[in-house]
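What follows is calculated from the coordinates using simple rules that are stated; it is not laboratory data. In this text the structure is predicted, and so the values were computed from the model without any measurement. Counting neighbours? That spans all protein chains shown, and the Cβs are built from the backbone with ideal geometry, glycine included.
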Amino acid sequence: MLQKTLIIIKPDGVQKGLTDEIIRRYGAVGLKVIKRKDTMAPLEIVEKHYPMDPGYLRSIGKKTIAAGQKVKSPEDQGRNVVNWLRKFITSGPVVVILLEGDDAVAVARAVTGFTDPSTAEKGTIRGDLGTDSILVANKEQRPVYNLIHASGSPEEAEKEIKLWFGRGAGN
């Protein structure tokens, strides 16, 4: 099924000069770039992209627990991470990409790799090019420098595409 998905190459990926390699890897699995925006992420978009929704915050906090760190509250830990993410993603240039292809969301997620580069499979972008870990990031009170955001579901992709490219972009 033909789908669209959103990828954001975060400031660490842009600063390391990995934009072309990241885009090449998505293209190698049949995903086509149909829109691209090189920009400084506006805070008003970032606040909607990384919301302070309790369920979302708990899901983020649970990644810390899964990485082996104890926390008092997954929601509080998620709030910390979201605040760090918001500050980081607005700190430098990002590249926002709209990809299209068969099962684009799942294919892009598979190519991207797991959130934590230290445990992402080799052959994925994060597994090959990432060097950070959730535990180190939390210790340093910052987000994981994992190069990319990739939409997690078709519903999330639709919402994020509209957020970053406008209402007509997802059609």
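Here is how the numbers come out for the structure above:
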{"quantity": "FRET efficiency estimate (nearest 0.05) - Cβ-Cβ, R167 to V33, R0 22 angstrom", "calculated": "0.65"}
{"quantity": "Computed label-point distance, nm, for sites R58 and D76 using a 7 Å Cα→Cβ extension", "calculated": "1.7"}
{"quantity": "Lys, Arg +1 and Asp, Glu -1 on Cβ, resulting dipole of segment 14-81 about Cα centre, debye, nearest 20", "calculated": "260"}
{"quantity": "Sparse-neighbourhood loop sites, trypsin sites (Lys or Arg not before Pro) in segment 88-137 - DSSP loop, at most 13 other Cβ within 10 angstrom", "calculated": "K122"}
{"quantity": "R0 of 45 Å, Cβ-Cβ distance N83-D103: FRET efficiency to nearest 0.05", "calculated": "0.85"}
{"quantity": "Count of Lys pairs (Cα-Cα under 29 Å; at least 8 positions apart or interchain) in segment 78-171", "calculated": "5"}
{"quantity": "Spatial separation of Cα centroids for segment 119-163 and segment 25-52, in angstrom", "calculated": "12"}
{"quantity": "Segment 2-165, dipole about Cα centre (Lys/Arg Cβ +1, Asp/Glu Cβ -1), debye to the nearest 20", "calculated": "280"}
{"quantity": "For L135, L129, order by how many other beta-carbon atoms lie within 10 Å, fewest first", "calculated": "L135, L129"}
{"quantity": "Residue with peak Gaussian network fluctuation, the chain [Cα springs, cutoff 10 Å], from L57, L147, L99", "calculated": "L57"}
{"quantity": "With eigenvalues of the C-alpha gyration tensor scaled by 5 and rooted, segment 2-165, Å", "calculated": "24, 17, 15"}
{"quantity": "T39, T124 arranged by Cβ crowding within 10 Å, fewest neighbours leading", "calculated": "T39, T124"}
{"quantity": "Packing-based exposure ordering (other Cβ within 10 Å, fewest first) of V136, V144, V105", "calculated": "V136, V105, V144"}
{"quantity": "Residue-averaged 222 nm ellipticity for the chain, from DSSP H runs of 4+ at -39500 (n - 2.57), nearest 500", "calculated": "-14000 deg cm²/dmol"}
{"quantity": "Dipole-positive endmost among I8, S133, A110 within the chain (Cβ charges, Cα centre)", "calculated": "S133"}
{"quantity": "Zero-based 10 Å bins, Cα pair distances in segment 87-140, whole percents", "calculated": "22, 39, 35, 4"}
